[in-house]
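*Asks:* Handing you this structure, nothing more for now.
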Amino acid sequence: MKALQFKRFGSPEVLEYVDVPTPTADRECAVVRIRSASVNPSDVKNVSGNFDHTVLPRIPGRDFSGVVVEGPSEWIGQDVWGTGGDIGFSRDGTHAEFISVPVSALARKPSTLTHEEAASIGVNFVVAWLGTINYAKLAEGESIAVIGAGGGVGGAVIQIAKARGCRVIGIDRSALTAGSPAADLVDEYVPFNDDTVARVRELTGGVDVVYDAVGGVAFETALKLAKRRGRVVEISATGKRRVDFDMIDFYHNETQLFGTDSAKLGVADSAPLLAALVEGFENGNLRAPIIAKRFDLIQGQDAYRAVAAGTTGRVVINM
């Protein structure tokens, strides 16, 4: 089969378009013919050598949508989707014509999504659901502030929160992209600046949940947005690995703080979260993100360059 593979770390130029053996099924694993796979910033960072657990040589790629071609009879011919913090890192990933995954990782693709759309969901929606629902336990009628609302994860959090019947405050340095799910759904947009805390407090008095998709430079702001016993979710450390904050204010407010890392979820661990998302996409409460650029597998280096350059919207590779 054809695949992208890297044997050393570096820029997208280290990716090779190669022939490798097609995987086969066994008792524990099925084989999926990949129709579409997205390229995430974490894929670019993986190729550049930012992750210690990556084993070389490796086919990169975390998110995919395709058709089961080998495995349990009840799955043959079924459209499936998937993502995982192991595929593309410690096991071969999705930027190839086929992938072998555990049978327990098979998850039915929403019938309302194309393979391109389904491949664009993966990491963003899984980490959004993990932090918002599994950890912070956002409930109907609550309020949530989303820092980094214009990004892929922020947009997914906004959709999940609105589907739950919550009030959403979108926070970002720049106005949200017109026509995007995030821009269409937020109840209020608040610029990220020195007045952010005062403005959100004026609107809400403090929110039940803060989902901080930026972290680092935004961490102190995130803590100040939470009402008493509010929950704060952190997934990143942009621009600042170590942070300072007022410990007395923190414990007086009885704030709950959750670190959330989708990379800890393997492809089998992610399947139940994807299954929980299916209904939302099929009933129209959730929408696929905007696909900005499409590439063929042989153009893999170009796809990675597009993500590295900060393309707004999802970048997809079609097989």
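The values are calculated or read from the model by the stated rules, or taken from the named source; none is laboratory data. Computed from a predicted structure; not experimentally measured. Backbone-built Cβ (ideal geometry, glycine too); neighbour counts: all protein chains shown.
*Asks:* So, Gly122, is that one crowded, with 22+ Cβ neighbours inside 10 Å, within 22 Å of Gly151 (Cα to Cα) and either of a type outside the set (A, V, I, L, M, F, W, C) or free of Cβ contacts under 8 Å to residues at least 12 places away in the same chain (or both) or not? Can you show your working first?
*Replies:* Values: crowded, with 22+ Cβ neighbours inside 10 Å: yes; within 22 Å of Gly151 (Cα to Cα): yes; either of a type outside the set (A, V, I, L, M, F, W, C) or free of Cβ contacts under 8 Å to residues at least 12 places away in the same chain (or both): yes.
In short, yes.
*Asks:* Consider Ala178 carefully, then state whether it is modelled with pLDDT of 95 or more and either more than 25 Å from Gly259 (Cβ to Cβ) or surrounded by 20 or more Cβ atoms within 10 Å (Cβ to Cβ) (or both).
*Replies:* On the way: modelled with pLDDT of 95 or more: no; either more than 25 Å from Gly259 (Cβ to Cβ) or surrounded by 20 or more Cβ atoms within 10 Å (Cβ to Cβ) (or both): yes.
So Ala178 does not fit the description; no.
*Asks:* While we're here: So which helices (runs of 4 or more DSSP H) stay within region 117-190 end to end and still have 2 or more residues that are closer than 17 Å to Arg231 by Cα and under 13 Å from the mean Cα position of the chain (by Cα)? If you could, list the steps in order and put the result at the bottom.
*Replies:* Details: elements: 122-129, 152-163, 181-185.
The helices (runs of 4 or more DSSP H) meeting that bar are 122-129, 152-163.
*Asks:* Just one of (1) farther than 18 Å from Gly155 by Cα; (2) at pLDDT 95 or above trips up Lys240, so point out which.
*Replies:* Result: Lys240 passes all but (2).
*Asks:* Can you tell me which residues in region 77-101 are within 18 Å of Val126 (Cα to Cα) and assigned to a strand (DSSP E or B)?
*Replies:* Our first condition is that a residue be within 18 Å of Val126 (Cα to Cα); within region 77-101, this holds for 80-89, 93-94, 101.
Listed by number, the residues that qualify are Val80, Trp81, Gly82, Ile87, Val101.
*Asks:* If I filter region 60-93 down to residues being aliphatic (A, V, I, L, M) and farther than 16 Å from Met1 by Cα, which single residue comes out as nearest to the chain's Cα centre (by Cα)?
*Replies:* First, the residues of region 60-93 that are aliphatic (A, V, I, L, M): 67-69, 76, 80, 87.
In the following step, the residues that additionally are farther than 16 Å from Met1 by Cα were identified as 76, 80, 87.
Numbers: Ile76: 27, Val80: 17, Ile87: 14 Å.
Looking at the filtered set, the residue picked out is Ile87.
*Asks:* Could you tell me whether region 208-230 includes any residue that is surrounded by 15 or more Cβ atoms within 10 Å (Cβ to Cβ), modelled with pLDDT under 95 and assigned to a loop (DSSP other than H, G, I, E, B)?
*Replies:* Looking through region 208-230, none of the residues is surrounded by 15 or more Cβ atoms within 10 Å (Cβ to Cβ), modelled with pLDDT under 95 and assigned to a loop (DSSP other than H, G, I, E, B).
*Asks:* Could I ask something else about it? Please go through region 259-283 and give me each residue that is free of Cβ contacts under 8 Å to residues at least 60 places away in the same chain and of a type in the set (Gly, Ala, Ser), ordered by number.
*Replies:* Gly259, the sole residue that qualifies.
*Asks:* Now for a different question. With respect to the numbered conditions (1) out of contact with any strand residue (DSSP E or B) (no Cβ under 9 Å at 6 or more places or on another chain); (2) over 30 Å from Val315 (Cα atoms), which one is the sole condition not fulfilled by Leu265?
*Replies:* So the condition that Leu265 fails would be (2).
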